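The values are calculated or read from the model by the stated rules, or taken from the named source; none is laboratory data. What you see is a predicted model, and the numbers here were worked out from it, not measured in a lab. Positions of Cβ are generated from backbone atoms using ideal geometry, with glycine treated the same way; all protein chains shown enter the neighbour counts. Accessible surface is based on the protein model in full, side chains and every heavy atom, while ligands, DNA and RNA are left aside. Shrake-Rupley method; radii C 1.70, N 1.55, O 1.52, S 1.80 Å.
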Amino acid sequence: MNFEPIDFSSVGGGLGRMMERFADSGTLTGDASEDAFIAASPTAAILGLLFDQRVRAEVAFTGAKRLHDRIGHLDLALIAEMNEEELRDVFAEPPAVHRFSNKMADTTQKVARFIVDHYSGKPEKMWNDDAVIEVIEKRIKAMPGFGPGKAAKIKYVLHYFGFRDFSQG
């Protein structure tokens, strides 16, 4: 991470645990190569946040890498157009991308379509325009599968994976 740490004391659960690990050992997921993959891919960061439900956060955030390895990309336009059953099969292949493979495959495809339709397939357009965090959170909440809880986590995901510096106010 290239940014100064920010206070994450209000963040509980798995994401809080990941940030504590980062403070202690310099890795969020427990695997530096997985961290680097997410830090290099805004899509992986968004999908990690999407997958962060009812599974261990580290498994959720590394799910995008498993998806990438199986289909060879994280191109949201291509994911949006995939055959639904084929995508479900990809999600279910052991080790599963997410424990709720069918539901998460469907939601991933809906998110992909949303980002293609609203942000030209580039999730970083939700935050690379210097929008304040409240605007970014509103944009996140507009996506399928993202509610207020996930929207409140986006600041920490963006900051700790190196996409936006929130240490200045």
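Structure data summary
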| item | result |
| --- | --- |
| Charge dipole magnitude, Cβ of K and R +1, D and E -1 - the range 61-169, Cα centre, debye nearest 20 | 420 debye |
| Relative contact order (%) - the range 57-141, alpha-carbon pairs under 8 angstrom, separation at least six | 25 percent |
| Point-charge dipole on Cβ atoms (K/R +1, D/E -1) for the range 47-92, about Cα centre, debye to 20 | 300 debye |
| Check: the range 1-92 dipole with +1 on Lys, Arg Cβ and -1 on Asp, Glu Cβ, in debye | 220 debye |
| Gain upon complete extension [A36, Q168; 0.36 nm per residue less C-alpha separation] | 45.2 nm |
| 17 Å cut-off, amide nitrogen to a point 7 angstrom out along A142 Cα→Cβ, residues in the range 75-114 | 110-114 |
| Furthest towards positive pole of dipole, S120, S101, I133, structure part the range 90-169, Cβ charges | S101 |
| Over 21 Å (Cα to Cα) - which of K103/K150; K65/K110; K103/K155 fall in this group | K103/K155 |
| Geometric extent, Cα atoms of the chain - Rg, Dmax (angstrom) | 15.0, 45 |
| Value of [θ]222 nm, deg cm²/dmol, for the chain, DSSP H segments ≥ 4, -39500 (n - 2.57) each, nearest 500 | -18500 deg cm²/dmol |
| Percent accessible area from carbon and sulfur atoms, the chain, protein chains only, probe 1.4 Å | 48 percent |
| The range 1-143 - percent relative contact order, Cα under 8 Å, separation 6 or more | 17 percent |
| Ellipsoid equivalent to the range 65-106 - semi-axes via the Cα gyration tensor, in Å | 15, 12, 8 |
| Accessible area per residue, Å², the chain with all protein chains present, probe 1.4 Å | 48 Å² |
| Dipole axis of the chain (+1 Lys, Arg; -1 Asp, Glu on Cβ), positive-most option in Q168, Q53, L76 | Q53 |
| Length added when fully stretched, A96-F3, from 0.36 nm per residue minus Cα-Cα | 30.2 nm |
